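Accompanying notes for the structure given below.
What follows is calculated from the coordinates using simple rules that are stated; it is not laboratory data. Every value quoted in this text rests on a predicted model; they were computed, and no experiment measured them. All Cβ positions, even for glycine, are placed from backbone atoms using ideal geometry, and neighbour counts span all protein chains on display.
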Amino acid sequence: MSSQKGLNGLVLKIVSRCNINCSYCYMYNMGDESYRLLPKKMAGNVVDHIMERAARHCDEFEMKEFEFILHGGEPLLAGKSFFREFVEKAKKQFEKKQVRLRIGVQTNGILLDTEWCRLLNTLSVNIGISIDGPADRHDRYRKDHQLNGTHAKTLLGLHTAQLESCKIGVLSVMDASTDPQAMYNYFNQLNIDDLDFLWPDHNYEKLPALYQHQSPRPDYTPFGDWWIRLFDCWFADRFTRPRIRFLNQVVLMILGRDAGFESIGQEENRYLIVETDGSIEASDYLKACGDGFTKEGLNIERHELSEAFHTPLMKMHRQSHRMLSDTCRRCSIKEVCGGGHIAHRFGKDKGFANPSIYCFDLMKLLTHIQNKILDNLSAKTIREAGLAKMSYQDALRSINM
Ligand code: SF4
């Protein structure tokens, strides 16, 4: 067996088109036009190759768990028969293995009717729904091709899935111009137990609009300030607190646990993308770095999944929390931050050898969380765990700011 760890799973782009057109979408609206050349739907023979390669990968790396995340475009456009056949093929390929298989779908929720929900329940497919908040926020970004807001249809899908007792998580792209307390209350009243907010996809070539065309500054941290207020609501809520993945992971890491994922921490990124034509690629968030940026010439028909460990971009993505810029290497909170998400480090001059575009926001947020947690631990626990308070200014000094 290889000394490297195997993949945790694959994100499968089972369709390359979408029934809506979100303004911030990295697939269609961030400069990558390569989707136009892809088959609209993944063919059955590509699924067959995926199953064979994934099963072999699990054998090679003695994996005990593996995950398929069905993604798009809008994955439900693939149709119910695709889902039935996919799960059948997965079961057939994995039934004799000691591998716990998980299958999820990430959808905009618009097509989720009773029939879909019952099918996904029968197939044990977990559902992730993308909701950006109340109608006035969601409809600002998540519009259909006629420029109509999609909030009402998405909420109908969510409620249908809740009525059918589906296993549901919600993903929301954060909007730092919103009131975090109002957002927290909104998702709480929707009875969402499993929630995450994604940092918007920006880099040094495509700065967040809130930065008003200026490079990041330590005294201007709208994203960090938003998260701090969200964290404070969440931390104070002892009764209905949902799991918010980003915050859960940060808290675990501060308490010394091995945690983290693509956005933060020290863990390797052990997911890969497979496009509808079978291309194997690194994180699809990297599409925002330029047209065809994620293409490295690997295809599930011809290559084993472990061959993707060695291409430059996939290697960089996998080890992104170790392959840090000089600034990040000096930083006193790099163990928790991990340089942030690789897609947020990109700039034409230095490639990925930059701190995250959200560096100061992350620094302010992570020091705030650490100090707040320490305020709630006994002096003995803090001493035994070797923890210490650190101000934002202390962290800034570590990178000579
Ligand atoms: S806070 Fe900034 S300098 Fe420190 S690890 Fe994160 S991105 Fe790098």
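General observations
- Per residue, the average separation of C-alpha pairs within less than 8 Å and at least 6 apart gives segment 205-341 a relative contact order of 20 percent.
- Summary value for the chain: 18 percent relative contact order, contacts being C-alpha pairs under 8 angstrom separated by 6+ residues.
- The 3J(HN,Hα) values that the Karplus relation (6.51, -1.76, 1.60; θ = phi - 60°) gives for segment 383-390 are, in residue order, 5, 5, 7, x, 8, 8, 5, 8 Hz. Gly and Pro appear as x.
- Karplus-derived HN-Hα couplings along segment 124-140 (A = 6.51, B = -1.76, C = 1.60, θ = phi - 60°), whole Hz, x at Gly and Pro: 6, 9, 6, 10, x, 10, 8, 9, 9, x, x, 3, 5, 7, 4, 6, 5
- Residues with amide H under 5 Å from that of Lys41, placed H, sequence gap 5 or more: Ser16
- On the beta carbon distance between Arg397 and Leu252, with R0 = 30 Å, the FRET formula returns roughly 0.70.
- Mean separation of Cα contacts under 8 Å, 6 or more apart, over the residue count of segment 81-162: relative contact order %: 32
- The ranking of Ile14, Ile127, Ile69 from fewest to most other beta carbons within 10 Å of each one's beta carbon is Ile69, Ile127, Ile14.
- Two-site label geometry, Lys64 and Thr122: point separation in nm, points 7 Å out along Cα→Cβ: 3.3
- Extension gain for Thr240 to Lys350 (0.36 nm times residue separation, less C-alpha to C-alpha distance): 35.2 nm.
- Backbone amide hydrogens, once placed in the peptide plane, bring Asn299 within less than 5 Å of Ile280, excluding anything fewer than 5 places away on its chain.
- Ordering Leu313, Ser332, Phe346 by Cα displacement along the dipole of the chain toward the positive end leaves Ser332 in first place; charges were set at the Cβ atoms of Lys, Arg (+1) and Asp, Glu (-1).
- Given +1 at the Cβ of Lys and Arg, -1 at the Cβ of Asp and Glu and no other charges, the dipole of segment 326-398 around its Cα centre is 100 debye to the nearest 20.
- Longest to shortest principal axis, alpha-carbon extents of the chain, angstrom: 55, 47, 45
- Value of D in µm² per second that Stokes-Einstein yields for segment 324-401, Kirkwood Rh from Cα pairs, at 10 °C (1.306 mPa s): 119
- Among the listed pairs Lys153/Lys372; Lys13/Lys96; Lys153/Lys348; Lys350/Lys372; Lys13/Lys372, those with a Cα-Cα distance over 29 Å are Lys153/Lys372; Lys153/Lys348; Lys350/Lys372; Lys13/Lys372.
- Over the residues of the chain, the helix contribution to mean residue ellipticity at 222 nm works out to -10500 deg cm²/dmol, using -39500 (n - 2.57) for each DSSP H run of at least 4.
- Sites Asn299 and Lys91 - FRET efficiency at Förster radius 35 Å, r taken between beta-carbons, to 0.05: 0.90
- In this simple spin-label approximation, Asp225 and Lys167 carry label points 7 Å from Cα along the Cα→Cβ vector, and these lie 4.0 nm apart.
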